[in-house]
Amino acid sequence: MIYSFDRKDFAKFTSNEEFAKIVDLKTVPELLNHLKNNYLGLKAIGKRDETVATYDELLNDINKVCAYLKEKEVKKGTNIGILFDNSYEFAIFALGVMAYGAVAVLLPMQLDEKIIFGCSKKYVLNGLFYLSGFKAKTSLLNPNELMLADESILNNSYDGCFIDNNVKENDAACIIMTGGTTGKSKGAILSHTALMCGMINGCYGLSNFMHLTYYSMMPLTHVFGFIRNLLTSLYTGSLIYFNHDRMKMFEDMKKYAPSILVIVPALAEIFLNLAKAYGLGFLGGNVKHIICGAAPVSSYLVLGFNNLGVNFCPGYGLTEFANMVSGNPDGINYPASVGMLFPDQEAKIVDGELLLRGRNMLMGYFNEPEENKTAFVDGWFKTGDLARFDENNNLYIIGRSKDVIILANGENVSPAYIETKVNELPFVQDSLVTEDKNELGAQILKVEVVLRAAVVNQLNKTGEELVKFVTSEILKLNDSLLDYERLSKVVIRDKDFERSPAMKIIRPKKVYNE
Amino acid sequence: MNRNDILEKLKDIFKIVVNNGVDIASVTEGANIGLDLGVNSIGLLYMAIAIEKEFGVDMADVAPSTFKTVADVIDYIEKH
């Protein structure tokens, strides 16, 4: 059975007048025309100097980026890196590159100069726009090989419009990293139409979505930050502020009084506890909607926020589907569901796994021929999520079949990456990293190992002494892992893992509690 | 304010950031913040903000992830 919803299925959640504002757009230049025709004079983005750029200023600066690319004779369709913090400049340069007809490669700001150099090769960068404060990160790049420029080019003046209205909907618009900083990072290529589809999907199911105030804490290099926060905010004529200093998060919220927050469950949990203890004023006093995703969302969050009068919408998304796959407009009746599949997509369940296809689907992973072969089956993308639909076609994510552990803060941990490190220890024959809980109920990572008998024999250690040695050597690896990748428990197995016919370890499927 | 007073105030902060059923009332100085309490990176961030507000301690120059145990946090607050 194939599941889908039509655009009109969402009309009942929104007033007619507001729903009519959802107009279809196919490319970034079409989006910019939409902004120009509808929102001139309105406030668009809060800047780091506390001033606010209007839509006029935003469009003017985007045009400057296009003009600069033309001046430098940058070839259309080539890849241009974007290396900024969460800021007005990130928005301007990413949109400018796409509006010119080049492909914006969104580079996470925490990458160091060696990884930036690696990315320049891996993604065949023809240029890089970067924040002047990040100049040291570009030190290994050769300006004779690729165009390098910082935000000071916005001081230039240009006459004329350099936005390319000939960009086609199926042209590549951007490349967004998935797998993040854990495991093997891949770049998902999203077309203009996919990006616009994801952006528009952000409106469905909300009672009101026009002219809201966003306060964004999600990285703009993550689809949830880039598409659901930034692009949907612009598309709806809203105003968006970025968090520039995480320690000032609550001060900012009091100052900006956001009406919508787009956050991960771990933050939603803290916000709910704070709102219960100190009132909604702690979140600025004006929050009407919270969009929550990027990790499994617990029902108690939906009910807890709705009890406080905040419309809390759990959703489901993937980088590969321009973020927005489904959203739940009726959390009170279906608190455990990630809601209705947004329009222009189809879904089916095969062997318990959710398969998707649609207008927002990625074009493929950049330069990953093997991944591109295995990620799809007959044109359907294999999400790796175990799912089911109820009798009203509401979607429920019930577990993971892919080899990724998703933590409550939205970080994806690749067990394979940690296992590779464990397997490098001479006394380890094979290992398996899984999610576990400690005796106090906290989520931890556990590693099970099978020891290499020949090496162990040479260690001259047995019993408790051997266990102590192995545990301590494995836990030393934590020094080279990120905080959230740290192993907390080591189990030494006395027999091999259960294996598939191909001799691969059979990884337990993760099942969520609804 | 002695160490015990600080611990009691920290427990109020942990009640906000710990959501996994851990019994906060029984938390001692020796508890590991990540492993025993299950505080994640976002919880650490709130913890730092709350410590600034509650104790008037400047947390701008310290990465919250450097605190391993509750005792480490109390040491830091006492020194600053």
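At-a-glance table
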| quantity | calculated |
| --- | --- |
| Those residues of region A:285-295 which are buried (at least 18 other Cβ atoms within 10 Å of the Cβ), out of contact with any Gly (no Cβ under 8 Å at 6 or more places or on another chain) and assigned to a loop (DSSP other than H, G, I, E, B), in sequence order | A:VAL287 |
| Test result for A:SER259, at pLDDT 95 or above and surrounded by fewer than 24 Cβ atoms within 10 Å (Cβ to Cβ) | yes |
| Region A:420-434 residues that are farther than 12 Å from A:VAL447 by Cα, paired with ones that are assigned to a loop (DSSP other than H, G, I, E, B) and of a type outside the set (A, V, I, L, M, F, W, C) (beta carbon under 6 Å, 6 or more apart) | A:PHE427/A:ARG452; A:GLN429/A:ARG452 |
| Subset of region B:55-74 [acidic (Asp, Glu) and either facing chain A (nearest Cβ under 9 Å) or within 11 Å of the chain's Cα centre (by Cα) (or both)] | B:ASP72 |
| Residues of region A:378-405 satisfying the condition of being among the β-branched types (Val, Ile, Thr) and under 26 Å from A:LYS122 (Cα atoms) | A:THR383, A:VAL404, A:ILE405 |
| Among the residues listed as A:VAL433, A:VAL450, A:VAL404, the single one being away from chain B (no Cβ under 14 Å) and more than 28 Å from the chain's Cα centre (by Cα) | A:VAL450 |
| Selected residue (criterion: modelled with the highest pLDDT) from residues of region A:48-69 that are under 18 Å from A:PHE129 (Cβ atoms) and surrounded by fewer than 16 Cβ atoms within 10 Å (Cβ to Cβ) | A:ASN60 |
| Qualifying residues in region A:453-491 (those that are more than 14 Å from chain B (Cβ to nearest Cβ) and surrounded by 16 or more Cβ atoms within 10 Å (Cβ to Cβ)) - the one modelled with the lowest pLDDT | A:VAL456 |
| Residues that are more than 7 Å from chain A (Cβ to nearest Cβ) and not in a loop (DSSP other than H, G, I, E, B), drawn from region B:24-51 | B:ILE24, B:ALA25, B:SER26, B:ASN32, B:LEU44, B:MET47, B:ALA50, B:ILE51 |
| Members of region B:10-23 found to be more than 10 Å from chain A (Cβ to nearest Cβ) and either surrounded by 16 or more Cβ atoms within 10 Å (Cβ to Cβ) or over 16 Å from A:ALA277 (Cβ atoms) (or both), listed by number | B:LEU10, B:ILE13, B:PHE14 |
| Output for region A:468-488, where each listed residue is closer than 22 Å to B:VAL39 by Cβ and out of contact with any Asp or Glu (no Cβ under 6 Å at 6 or more places or on another chain) | A:LEU475, A:LEU477, A:ASN478, A:ASP479, A:SER480, A:LEU481, A:LEU482, A:ASP483, A:GLU485, A:ARG486, A:LEU487, A:SER488 |
| Verdict on A:GLY77 being surrounded by 24 or more Cβ atoms within 10 Å (Cβ to Cβ) and in contact (Cβ under 8 Å) with a residue 24 or more places away in the chain | no |
| Test: residue in region A:296-310 that is away from every other protein chain (no Cβ under 12 Å), outside any helix (DSSP H, G or I) and modelled with pLDDT under 90 | yes |
| Positions within region A:330-343 being more than 15 Å from A:ASP385 (Cβ to Cβ) and buried (at least 20 other Cβ atoms within 10 Å of the Cβ), in sequence order | A:GLY331, A:TYR334, A:PRO335, A:MET340, A:PHE342, A:PRO343 |
| Residue match in region A:264-284 (condition: over 30 Å from A:VAL404 (Cα atoms) and assigned to a loop (DSSP other than H, G, I, E, B)) | yes |
| Residue within region A:340-347 that is modelled with pLDDT of 95 or more and in contact with a Pro (Cβ under 9 Å, 6 or more places away or on another chain) present | yes |
| Test set (1) in a loop (DSSP other than H, G, I, E, B); (2) within 25 Å of A:SER299 (Cα to Cα) - B:ASP58 fails condition number | (2) |
| Close pairs (6 angstrom Cβ cut-off, 6 or more residues apart or separate chains): assigned by TED's automatic domain parsing to the domain that holds A:LYS72 in region A:138-166, part of a loop (DSSP other than H, G, I, E, B) and among the small types (Gly, Ala, Ser) anywhere | A:ASP164/A:GLY101 |
| Complete set of residues in region A:436-446 that are buried (at least 16 other Cβ atoms within 10 Å of the Cβ) and either basic (Lys, Arg) or away from every other protein chain (no Cβ under 14 Å) (or both) | A:LYS446 |
| Tally of residues being farther than 12 Å from A:ASN306 by Cα, of a type in the set (Val, Ile, Thr) and free of Cβ contacts under 8 Å to residues at least 60 places away in the same chain across region A:271-292 | 0 |
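The values are calculated or read from the model by the stated rules, or taken from the named source; none is laboratory data. Computed from a predicted structure; not experimentally measured. Ideal geometry is used to build each Cβ from the backbone, glycine not excepted, and the neighbour counts take in all protein chains shown.
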